[in-house]
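Shown next, in structure tokens, is the structure this report addresses.
The values are calculated or read from the model by the stated rules, or taken from the named source; none is laboratory data. Keep in mind that this is a model prediction, so the values were computed, not measured. For neighbour counting, all protein chains shown are included, and Cβ atoms are generated from backbone atoms with ideal geometry for every residue, glycine included. Please note that ligands, DNA and RNA were not included when accessible areas were found on the heavy atoms of the full protein model with its side chains. Shrake-Rupley method; radii C 1.70, N 1.55, O 1.52, S 1.80 Å.
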Amino acid sequence: MLLAARAALATVTLVAVQLGHPLPSVARVGYIPSSDIEQIPRLRSCEPNTNCVSSGYLEPPNRYMSPLKTLSDKETAYGRAVRDLSALNSKVEGIAKDSYIHIEVPGTAPGSIDDVELLFANEGVVNVRCEARVTLPPPPFCVKKNCINGNMDQRTRVEEISRVLGLPAADSDRMKETAKWTPIFFNSDRVPDMLEYDDY
């Protein structure tokens with residue numbers, strides 16, 4: 001009975017997405033506010049099997065995204081971000097006591113919404129999180145340079161916001177110096193022979 005209900009719900013959801021009228025969705029924001037118990041505000045980790053990226057250090061590679069870095073103090077950077085994002089998007093909500101911003105942006109599925117969250121920390125770091133309200137299957141591969149298969153649309157949304165705010169990724173300098181992108185299918189790197197390894 002439960003499996004039949006789940007199958008029916010999945011079918012209705014798929015038909016609604018394909019017809020451009022996704023089911024009503026609710027924001028699943030990851031914001032955990034500061035309180036007497038939780039002294040420092042934070043963003044939740046992404047749930048498995050969702051279209052979500054986060055700068056949480058425990059995220060697997062397909063859901064991890066580098067935090068952003070600020071070039072000024074937290075309050076100034078937060079104030080500028082609220083001002084600049086509010087000028088571009090009417091769906092911006094800020095919570096000043098925790099330097100937190102929530103932005104609703106158009107999602108990948110027609111008529112859907114993605115929730116982008118920014119949490120400004122004291123060390124010049126901005127933690128990020130972006131989750132789609134309508135989860136779609138990931139594409140089987142990607143051919144774009146620097147592509148990480150999984151949640152590319154959510155990565156793109158965070159990157160667009162970082163460009164608007166002028167906040168680079170915290171690891172951008174290190175990635176330019178040491179990272180090497182290697183395509184999977186048209187790879188010209190030499191594969192080592194098994195004979196080169198000493199197994200005994």
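Placing R0 at 22 angstrom, the Cβ-Cβ distance between Gln39 and Glu104 gives a FRET efficiency of 0.20 after rounding to 0.05. With the simple spin-label model, which puts each label point 7 Å out from Cα in the Cβ direction, the Asn122 to Thr50 separation comes to 2.8 nm.
If R0 is 41 Å, what FRET efficiency do you get for Glu75 and Phe141 from their C-beta distance, rounded to 0.05? Display every interim value, and only then the final one.
Values: r = 43 Å, r/R0 = 1.05.
Result of the calculation: an efficiency of 0.40.
Determine the order of Phe141, Phe120 by accessible area, beginning with the largest, at a probe radius of 1.4 Å. If you can, show how the numbers build up before the last one.
Details: Phe141 110, Phe120 10 Å².
Descending accessible area places them as Phe141, Phe120.
Taking 0.36 nm per residue of separation and subtracting the Cα-Cα distance, full extension of the segment from Lys91 to Leu58 would add 9.0 nm. Thr156 exposes around 40 Å² of accessible area when a 1.4 Å probe is run over every protein chain in place. The order of Glu59, Glu75, Glu123 by accessible area, most exposed first and with a 1.4 Å probe, is Glu123, Glu75, Glu59. Heavy-atom accessible area with a 1.4 Å probe sorts Val125, Val164, largest first, into Val164, Val125. Amide H to amide H, with H built 1.01 Å from N, Arg42 comes under 5 Å of Ile32, counting only residues 5 or more places away or on other chains.
Shape class for the stretch 86-143: oblate, because the ratio a/c of the largest to smallest gyration tensor axis (alpha-carbon atoms, square roots of eigenvalues) is 1.5 or more and b/c is at least a/b.
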